[in-house]
1. Specify which of the listed residues (TYR324, TYR357, TYR353) is modelled with pLDDT of 95 or more, open to solvent by 10 Å² or more (accessible area, probe 1.4 Å) and touching a helix residue (DSSP H, G or I) at 6+ places or on another chain (Cβ under 8 Å).
2. Please specify each residue of region 340-353 satisfying the condition of being of a type in the set (A, V, I, L, M) and in contact (Cβ under 8 Å) with a residue 40 or more places away in the chain.
3. Based on this model, can you work out whether GLY164 counts as of a type outside the set (A, V, I, L, M) and either open to solvent by 50 Å² or more (accessible area, probe 1.4 Å) or over 30 Å from PHE327 (Cβ atoms) (or both)?
4. Of everything in region 59-86, what is open to solvent by 80 Å² or more (accessible area, probe 1.4 Å) and of a type in the set (A, V, I, L, M)? Give them in sequence order.
5. Run down THR203, THR175 and say which single residue is modelled with pLDDT under 90 and buried (at least 20 other Cβ atoms within 10 Å of the Cβ).
6. Answer with yes or no whether THR380 is at pLDDT below 95 and of a type in the set (Ser, Thr, Tyr).
7. Report whether or not GLY334 is at positive phi and surrounded by 21 or more Cβ atoms within 10 Å (Cβ to Cβ).
8. Pick from GLY56, GLY140: which is touching a residue at least 60 places away in the same chain (Cβ under 8 Å) and either closer than 22 Å to ILE26 by Cα or surrounded by fewer than 16 Cβ atoms within 10 Å (Cβ to Cβ) (or both)?
Amino acid sequence: MKTKLDILFLFVLVIISLNFFDATFINPKIINYLEFLAVMGTVALSSVYFFKRKGGFVLPVQMIFLSIMFSMVTAYVSWGQGFKDSLIETSQYMLWPLFFYLLHAKVPIKTIEKIVLVYGTIYVLLYFYQYVHPYTVIFGKPISGGDEFSEQRGAIRIVFPGAGIFILSIFIAITKITEQARHKWFYIGFALLGLVVPIMQVTRQFIAGVFLIYFYHFFKGQSFIRKTLIVASFLGGAIMLLNSDIPMIKGIIETQQRDSKLGQKYIRVLAGEYFLTDFSPDPLSRVFGNGAPNWGISKYGKFVERLSNNKEYFLSDVGIIAVYAMFGIFAIAGFVIMWIKSFTIPIPKKYNYVRYYLWYLLFTSFTWYSVYHYHYVIATIFALYIYHKAYMDDKKQKAFKLLIKRSAKSEKEIEATV
């Protein structure tokens, strides 16, 4: 019974934490209230287990969450933003203690995989539905700020909300393909969608991150001949795409060429430098962060709004620098430890997809909000939980086998002496 309640709880929590994929047909107040209550309830439920675990990914998760919480204090001290405003704005980033509830509940990894794959499928279906109805904004909002999705970079550009779950699901798919899992054709089809959807969204870091992970996954562990064929296939495919007349490919290339020419004058470089060096008003905020601004409401929020309107400096454009600007040095340290562990902690091959997801976050962390945004947080927590649980279970299993081996050896030695 408890397992069924956990599954229901997690299934509902995912859609609420994603704000129903930012659905525009639901009253925003209802979504905001549900999100706030769900996150605060999860934090209250999970905090009981916050300090009961050690090892693995426990420390980085603790550091990130505590940094987010303390940033509300610095927002008050450094900017005069009230705790109510800070709590309302910060709640969307606060789901991290769910990691500890999952550890306590010992939710099976297969259960998490199924939830992720279900929502990954929903993401694809809703994205294509929105794509064929571009003149009615059903999910998310246009990057151009208008009331319909317009053509950009040679395509109708819809950066669909909730990408974290989709990215984790396609990495599950490619891992299942090589691990000879059942329903292989489903995973192959899903993996192909993992290439098609990023290209259709014409977001460079999305495309590059996914393609690099795919290449690495199918390249490693192969024979020299197969590696040569894989490299030739990827290079051949890349050359064909670069020289094709596909409007969205041409649009991406033109955008990249334009931004490369700007160099240090590129707006994201300027924004990154500002948020890194000039944004924080005092030593406290330079160490512990400035907190999350209540956009256009508090004095702090109005200041950040003016930055975006007058200078086009957006926190969402500078990724990990935004984490520093809002949550401080210790949050950055938490992410760094997390990424180091993703390279150093061994894990069974069938769970490699969680490594890929964390590496994807690292790759996109400088120019995208994937490291902290609510579109990604619950997927990141799922990835960390699976990684931690798989590592600990494998460690216990190896220790148990070693104990059995030693016991058998001791018995043989006793028999030999009799």
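The values are calculated or read from the model by the stated rules, or taken from the named source; none is laboratory data. Note that the coordinates shown come from a computational prediction; the quantities given were computed from them, not determined experimentally. Note: ideal-geometry Cβ built from the backbone for every residue, glycine included; neighbour counts use all protein chains shown. These area figures cover heavy atoms from the full protein model, side chains too; ligands, DNA and RNA do not enter into them. Shrake-Rupley method; radii C 1.70, N 1.55, O 1.52, S 1.80 Å.
1. When all the criteria are applied, what remains is TYR324.
2. Of everything in region 340-353, those that are of a type in the set (A, V, I, L, M) and in contact (Cβ under 8 Å) with a residue 40 or more places away in the chain turn out to be ILE345, ILE347.
3. So GLY164 fails the test.
4. Once the filter is applied, which keeps residues that are open to solvent by 80 Å² or more (accessible area, probe 1.4 Å) and of a type in the set (A, V, I, L, M), region 59-86 yields LEU59, LEU66, VAL77.
5. Among THR203, THR175, only THR203 is modelled with pLDDT under 90 and buried (at least 20 other Cβ atoms within 10 Å of the Cβ).
6. no
7. Criteria not met by GLY334.
8. GLY140
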